[in-house]
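Here the structure comes first, spelled out in structure tokens, and everything after it is commentary.
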Amino acid sequence: MVWRWIGTGAIIGFALLGAYAMTSDNVNEATRQSYSATTAVGFMGMLGACIGALVAAVVLALVMGRDRR
């Protein structure tokens, strides 16, 4: 059950930040270097997956902690 929550959070996070990367301009403001859409989706998607999994784990800990009381 635990892995389903974390996996779902990772998939949702990847989808959200991947979609954001697809719709934004992929230019580094400091160096004016442009990234390809594939690179931007990959980096932002992995960041979103990590954040989504972390949020899902925290929510799961809160839900399971409430059930044990």
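The values are calculated or read from the model by the stated rules, or taken from the named source; none is laboratory data. Note that the structure is a prediction, hence the values are computed from the model and not measured. When we count neighbours, we look across all protein chains shown, and the Cβ atoms used for this are built from the backbone with ideal geometry, even at glycine.
Before moving on, here are some points about what is shown:
- Whichever residue in segment 59-69 is assigned to a helix (DSSP H, G or I) and loosely packed, with under 12 Cβ neighbours inside 10 Å and, among such residues, is modelled with the lowest pLDDT: D67
- Set side by side, the residues F43, F14 differ, and just one is in contact (Cβ under 8 Å) with a residue 24 or more places away in the chain and of a type in the set (F, W, Y), which is F14.
- Matching option when the condition is buried (at least 16 other Cβ atoms within 10 Å of the Cβ), in contact with a Ser or Thr (Cβ under 8 Å, 6 or more places away or on another chain), part of a helix (DSSP H, G or I) and among the aliphatic types (A, V, I, L, M), among A49, A56: A56
- Selection from segment 21-46 of residues that are in a helix (DSSP H, G or I) and not hydroxyl-bearing (S, T, Y): A21, M22, A37, A40, V41, G42, F43, M44, G45, M46
- Filter pass, G18 being in contact with a Gly (Cβ under 8 Å, 6 or more places away or on another chain) and in a helix (DSSP H, G or I): yes
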